[in-house]
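Below is one structure, written out as structure tokens; the observations come after it.
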Amino acid sequence: MNKEKKILGISWNVFLLGIVSFLNDMSSEMIAPIVPTYLTDILRVGKVMSGSIMGLIESLSSLFKVLFGYISDRFRERKFFVALGYTLSTISKGALAFTRGWLGFLSLRVLDRVGKGIRTAPRDALIAESSEKGKSGKSFGFHRMMDTLGAVAGPLVAIGLLAWLSKYSTLEAYRRVFLISAIPGLLGVLIVLLLVKDTGKEVKKKIKGISALKSRNLRLFLVVIAIGALGRYSYAFTLWKAEELGYSIVQSLGFYALFNAIYAFAAYPIGVYSDRVSKKSVITAGFGVATLAALTFAYAKDLPMLLLAFVLYGLYMAIEDTIPRAYMADLAKDFEKGTVIGAYHTVFGVFVFPASVIAGWLWQSFSLKYAFLYAALMSFLAMLLMIGVKEEKS
């Protein structure tokens with residue numbers, strides 16, 4: 001690990017990357033809650049197509065993660081790809097203000113996801129390389145907390161902006177929110193360029209023939225991730241559920257902020273806890289919580305049930321978006337951290353796309369309830385398979 005000064009018990013690099021993720025996610029989440037309504041009400045896209053577009057957007061970034069994780073390993077260059085990825089995402093969000101149809105919308109959202117695909121594995125490798133041995137859960141938990149605090153701030157800023165822009169038409173208000181969302185993203189890019197240090201160059205490329213990916217047990221873990229991803233519905237479905245129960249877009253933003261608050265404040269302690277106990281057991285529990293969350297969304301008919309569903313959804317995301325990355329980082333050798341973490345993201349991304357397509361089809365053919373029941377089934381299956389994964393040590 002690169003010797004660095006620390007702040008709040010974590011390396012300066014991890015702290016800065018947390019700030020960057022806070023700003024970028026604030027930018028993303030300023031627009032994320034209005035995107036489903038923009039897609040269905042403004043651009044008039046149907047349910048199956050909407051589910052497919054949201055799933056494609058969620059999936060595409062992951063298809064690039066193993067490629068750019070490998071490239072960052074090969075050239076020992078993390079920072080360049082992190083900065084490039086954040087830059088593309090920032091441009092794409094601001095440019096949404098100029099879209100006139102679903103194809104332009106999709107193109108820019110794909111560009112945003114490509115940016116995420118470029119930066120994620122190199123960034124996670126940089127976090128792993130900047131962490132103390134045995135403390136990866138703490139570092140990834142802090143990063144996920146900061147990322148998700150941005151997701152808490154984003155919808156709240158969006159609520160304020162929509163109130164401020166209420167004199168405009170819905171279309172014009174949304175376009176102005178898209179433009180303003182680029183500002184925190186740009187600040188994040190500047191922090192990466194000016195302050196974050198690249199540690200990858202200092203890691204010797206050695207032990208070439210030995211890879212964590214050759215482990216049968218780790219391959220089984222990736223199968224579990226694939227099954228879990230098939231039950232990973234887009235956040236848009238939770239907002240469509242709130243809309244189905246009669247809540248307005250502003251009220252839905254409040255639910256979404258609650259989800260992200262739970263997500264944010266649970267991620268760090270869960271990460272720290274996973275360093276002390278078995279990461280495998282925490283991941284297994286996460287799929288159990290995912291099952292309960294989906295079932296609660298499926299049967300929610302009043303405010304208390306809907307609030308519980310968003311709380312469970314936040315806990316599930318705090319676990320499954322944090323601990324598997326730390327688990328993979330612990331098992332990867334120094335020369336392949338970007339590749340191994342990228343493999344996890346890519347497997348997840350390949351299978352998360354059909355998840356939203358299937359959920360969209362179930363919604364249109366039957367009801368939104370069946371989309372959530374399908375997700376619950378996949379999460380429960382992933383939990384059962386995860387029990388069969390053997391504990392591994394890095």
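Coordinate-derived values only; no laboratory data. Quick caveat: nothing in here was measured; it's all calculated off a predicted structure. Virtual Cβ from ideal backbone geometry, glycine too; neighbours counted across all protein chains shown.
Quick notes
- Burial order of peptide ranges 9-19, 144-154 (average beta-carbon count within 10 Å, highest first): 144-154, 9-19
- Pairwise centroid distance, computed over Cα atoms, of segment 270-330 with segment 342-394, Å: 13
- Principal axes of segment 82-183: Cα extent on each, largest first, Å: 54, 27, 18
- Highest mean packing comes first when the peptides 370-382, 102-114 are listed by Cβ atoms within 10 Å, giving 370-382, 102-114.
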